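Every read-out reported here was derived from the displayed coordinates using simple, explicitly stated rules and does not represent laboratory data. Quick caveat, the model's predicted, so the values are computed rather than measured. Positions of Cβ are generated from backbone atoms using ideal geometry, with glycine treated the same way; all protein chains shown enter the neighbour counts.
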Amino acid sequence: MKKEFGLRLFGPEPGYTIGQSASIRPTFEINGIEGGYTSKGFKTVLPATATAKISCRLVPNQDPNEILSELQAHLLKSIPPGMEVTFKEICGHPAFKGNRDSLIAKLASKAYEEVMGSPCKKVLSGGSIPIVMELAKASGGETVMMGYGLDSDQIHAPNEHFGLDRFEKGFLTMGRIFTQLNEKG
């Protein structure tokens, strides 16, 4: 398939596992392309306009404005003569990475183990939750993220679901964290 599509890279980046590439490495994603005749049936028309919706997953120390400027410059260099391109930025936010050794992370791990009955699995996971960095800045404190989803929940799929039992365990874990913080004074 690599040769068939003329790809220079197929699979994970050299030096990274598939899991790392899928979760903690930066990405460039084409989320949708539209152009030409899009109604029912078939017409052989040359489109006057086309639209592409793209997103990028950033990692710590990447500046969203700098990445946007570099991406726009790269795309503009690639445009054939006579074509014009416009860009519409929807949003851009820096990446967040919590400190696994912070007090709140240690308390969260302990609370998770008490509620769930098994050790907390510490996982690095890439995603787009812009509010996390804003909450970290606004609070001035350490921030921790905890997940209770299962692979079978099929997050972001058409049949996504999340069990109420895990909501309950999340609330119980938060209660334990607050209790531990109170005990620490």
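For this structure, a couple of remarks:
- Listed cross-link partners LYS40/LYS88; LYS3/LYS77; LYS2/LYS97 are compared with a 30 Å cut-off, the Cα-Cα value being larger for LYS2/LYS97.
- Residue with peak Gaussian network fluctuation, the chain [Cα springs, cutoff 10 Å], from GLN62, GLN154, GLN20: GLN154
- Anisotropy class of region 103-183 from Cα gyration tensor, a/c 1.5 cut: oblate
- Computed from point charges on the beta carbon alone (+1 for Lys and Arg, -1 for Asp and Glu), the dipole magnitude for region 103-183 about its Cα centre is near 240 Debye.
- 10 Å binning of all Cα-Cα separations within region 1-77, expressed as whole percents from 0 upward: 14, 30, 35, 17, 4
- Simple point charges give the picture: +1 on the Cβ of Lys and Arg, -1 on the Cβ of Asp and Glu, and for the chain a dipole about the Cα centre of about 300 debye.
- Degrees between helix 164-184 axis and first principal axis of the chain (Cα, 0 to 90, nearest 10): 60
- Overall Cα dimensions of the chain, principal axis frame, Å, largest first: 69, 37, 32
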